[in-house]
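The values are calculated or read from the model by the stated rules, or taken from the named source; none is laboratory data. Small disclaimer: the values here were computed from a predicted structure and weren't measured. FYI the Cβ positions are ideal-geometry reconstructions off the backbone, even for glycines, and counts take in every protein chain you see. Ligands, DNA and RNA are stripped out before the accessible areas are found, and what is left, the full protein with its side chains, is counted by its heavy atoms. Shrake-Rupley method; radii C 1.70, N 1.55, O 1.52, S 1.80 Å.
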Amino acid sequence: MRRIKRAALPKVAQSYLSKRQLAANGKHKSGDLNIERDWKSARQTKPLKAVVTTLQTMMGPRQRCMYCLDSHGADIEHFRPKAVYPKRMYEWPNLLLCCTECGRFKGNKFPMSGKQALLIDPTREDPWKHLDFDPVTGNISARFDLQLNDWSAKGAATVDVLKLDRREALSAGYLKTLRHLADIVERALLNGAIAAPALMTELKSADDHGLLDWCLSDRGQAIRPFNDLQYQHPAVWRQCRKTI
């Protein structure tokens, strides 16, 4: 996962979503809302296709799933499931791009702790504040919060719902990206003089799984060659961290 900046929708698409939500709210109040039929009808329209295009643009040319960053984002995902939260089914901030596998695992699951959502929304928060990465297995796990002296509740719930620690293909993808990032740093170290902007451009281009934030964190700096970069070129390390 990585933090994703939410783009603005085209005005026509935003206006359409607002009108559909208003109509859906009225149907829901009167007990006439068929959620799946209503969504299927809207999904075939040009404004909803513009929504998909905007979500895909947010994910760059590879158009990856916003949850796993490993598979192609196949369709619109409701962060708060529309079956449970029909009053959010057409709200732009509630719509994400999701792959088939993540969508199947998530379904209508939406764990809560009181009024707080426990699932990570990558368009609203930095996932690595709640998640950790195992550079040996490639698995994603909950991050241990030293202040709370416990595992992140959001991280644990997200890993459990999306099975981020039990998907072999996903782990293999993360490990492949880690190797690519490590190779880039190793080549830079061999060259001697390192220009931080050029290094970051190359690293970001190779970061298919949003691992760069982890690699340049206090957790990533514990493994080679990222710790070598920190100790041999501390100024470059600091510049790279500032650009994350």
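Descriptive notes on the structure:
- Within segment 165-182, not a single residue is assigned to a helix (DSSP H, G or I), closer than 23 Å to R6 by Cα, open to solvent by less than 50 Å² (accessible area, probe 1.4 Å) and in contact (Cβ under 8 Å) with a residue 60 or more places away in the chain.
- If the condition is being surrounded by 12 or more Cβ atoms within 10 Å (Cβ to Cβ) and either within 19 Å of R143 (Cβ to Cβ) or of a type in the set (A, V, I, L, M) (or both), then segment 183-206 contributes I184, V185, A188, L189, I194, A195, A196, L199, M200, L203, A206.
- Of the numbered criteria (1) touching a residue at least 60 places away in the same chain (Cβ under 8 Å); (2) outside any helix (DSSP H, G or I), the one D218 fails is (1).
- G138 being outside any loop (DSSP other than H, G, I, E, B), open to solvent by less than 20 Å² (accessible area, probe 1.4 Å) and either in contact (Cβ under 8 Å) with a residue 60 or more places away in the chain or touching a Leu at 6+ places or on another chain (Cβ under 9 Å) (or both): no
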